[in-house]
Amino acid sequence: MTRVFNFSAGPAVLPESVLQQAADEMLDWHGSGQSVTEMSHRGKEFTEIAARAEADLRTLLAVPEGYHVLFLQGGASLQFEMIPLNLLRGQPSVDYVHTGEWAKKAIAAARKLGRAEVNVAASAEDRSFTYVPDRADWQLSEDAAYVHYTANETIGGVEFSSVPDVGEVPLVSDMSSTLLSRPLDVSRFGLIYAGAQKNIGPAGLTIVIVRDDLVGLADPPLTPMLDYATHVKAGSMYNTPPTYAIYLAGLVFAQLLADGGLAAAEQRNIAKAELLYDAIDDEPFYANPVAPADRSRMNVPFTLADPGLDADFLATAAERGLTQLKGHRSVGGMRASIYNAMPIDGVRALVDHLRDFAAERG
Ligand code: PMP
């Protein structure tokens, strides 16, 4: 068996140890005589699996008292809608920081709902979304229900290097492509959300971490599935949860803990990102447009000096077992996603390809 180095932005590479364990347990989980994917979500076995996953996630992120951890569905995209539906608390406006494609979608969803004034407090559009607007330049509203930002723009490759200070207003963040890549002070947030299919596990699971005073205040009242209060009350089991995805995410959490937690994961991610950005910066044949301080450690877009060679670059990469390097359809070029589960050997192999390709065709 030869496994490729998969640079997909998501669904993405998962730890091989996790996949192996899942394979070993596929037919018979812990002597239960059944696969996890066949279990009732209300049975003793699955309840235990979900509780362990939640406990391990809480440990990894050191989630403080007073926060709910929810395992939902609908992707980060449904959160673009649930957040304005649930968190307005009678306030007339909401603030969003516009850093690229995913922020744009979150803003559009809030606008379409039309329940509050959507204020773009800062935007990086003036420089084609290649940087994080300086906090000092944000124009926050007096009466915002929350401030929303996209911690890592998966397409643009722009990442906040620290948590912005917005005072007492609840801070809300789309952490889809960065959650679990570094330690996080959860107490700074009102709500954090992430689709799982990057650092966490398979697609189909969405993580929401929400401060308890923000739950249950939707006005007008919401239908049950759209209301965080429903999911809090039911322990994320109001309806059938994505059981197998929760199980696999739980294996990922346990592996991360065994590997030294998020501080250790961050060190590995810094090393990988430096290796790749150094190679891109060293070779004039490649370019990454993002302001160095705001470069993503997770998603590294880059272009070739001659886009006519893109197909050739991808084909020769695939021959070396390096896959999914094609850039997002909206921007073109290349993108290497180097999430937690991408081994440094995968990044080394990509760097070798960058150098060899530039030497031969550059
Ligand atoms: N936000 C970000 C930052 C993303 O990267 C993505 C997916 N790539 C989404 C939101 C949308 O997530 P989903 O497909 O899970 O709805």
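Among the residues of region 72-106, those that are more than 12 Å from the ligand (Cβ to nearest atom) and over 20 Å from Ala218 (Cβ atoms) comprise Val97, His98. The residues of region 175-220 that are modelled with pLDDT of 95 or more, open to solvent by 20 Å² or more (accessible area, probe 1.4 Å) and more than 18 Å from Tyr146 (Cβ to Cβ), listed by number, are Arg182, Pro183, Gln197, Lys198, Pro202, Ala203, Gly204. Please pick out the residue among Ala254, Ala265, Ala293, Ala273 that is of a type in the set (A, V, I, L, M) and surrounded by fewer than 14 Cβ atoms within 10 Å (Cβ to Cβ). Exactly one residue qualifies, and that residue is Ala293. Considering every residue within region 126-140, establish whether at least one is in a loop (DSSP other than H, G, I, E, B), open to solvent by less than 10 Å² (accessible area, probe 1.4 Å) and within 16 Å of the ligand (Cβ to nearest atom). No; the residues of region 126-140 include none that is in a loop (DSSP other than H, G, I, E, B), open to solvent by less than 10 Å² (accessible area, probe 1.4 Å) and within 16 Å of the ligand (Cβ to nearest atom).
Okay, residues lined up against (1) of a type outside the set (Gly, Ala, Ser); (2) part of a loop (DSSP other than H, G, I, E, B); (3) at pLDDT below 95:
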| site | (1), (2), (3) |
| --- | --- |
| Leu275 | yes, no, no |
| Asp281 | yes, no, no |
| Thr303 | yes, no, no |
| Leu309 | yes, no, no |
| Leu314 | yes, no, no |
| Ala318 | no, no, no |
| Gly332 | no, yes, yes |
| Ala341 | no, yes, no |
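Looking only at residues in region 177-206 that are touching a Phe, Trp or Tyr at 6+ places or on another chain (Cβ under 8 Å) and part of a strand (DSSP E or B), the one that is farthest from Ala103 (Cα to Cα) is Thr206. Scanning region 157-177 for residues that are of a type outside the set (Asp, Glu), within 23 Å of Arg127 (Cα to Cα) and in contact (Cβ under 8 Å) with a residue 12 or more places away in the chain yields a count of 9. Look at region 33-61: where a residue is open to solvent by 50 Å² or more (accessible area, probe 1.4 Å) and a partner is in a loop (DSSP other than H, G, I, E, B) and not aliphatic (A, V, I, L, M), sitting 6+ places away or on another chain with Cβ atoms under 7 Å, you get Glu45/Ser32. Within region 62-112, can you find the residues that are open to solvent by 60 Å² or more (accessible area, probe 1.4 Å) and either assigned to a loop (DSSP other than H, G, I, E, B) or closer than 19 Å to Val215 by Cβ (or both)? Those that are open to solvent by 60 Å² or more (accessible area, probe 1.4 Å) and either assigned to a loop (DSSP other than H, G, I, E, B) or closer than 19 Å to Val215 by Cβ (or both): Ala62, Glu65, Gln73, Glu81, Arg89, Gly90, Gln91, Pro92. Look through region 227-242, keep the residues that are surrounded by 15 or more Cβ atoms within 10 Å (Cβ to Cβ) and polar (S, T, N, Q), and return whichever of them is farthest from the chain's Cα centre (by Cα). Per the criteria, the residue is Thr230. Of all residues in region 6-31, those that are small (Gly, Ala, Ser) and more than 19 Å from the chain's Cα centre (by Cα) total 4.
Taken as a whole, the structure leaves Val252 outside the set of residues that are hydrophobic (A, V, I, L, M, F, W, C) and not in a helix (DSSP H, G or I).
The values are calculated or read from the model by the stated rules, or taken from the named source; none is laboratory data. This structure is a prediction, so every number in the text was calculated from the model and none was measured. When we count neighbours, we look across all protein chains shown, and the Cβ atoms used for this are built from the backbone with ideal geometry, even at glycine. Note: areas computed on protein heavy atoms with side chains; ligands, DNA, RNA excluded. Shrake-Rupley method; radii C 1.70, N 1.55, O 1.52, S 1.80 Å.
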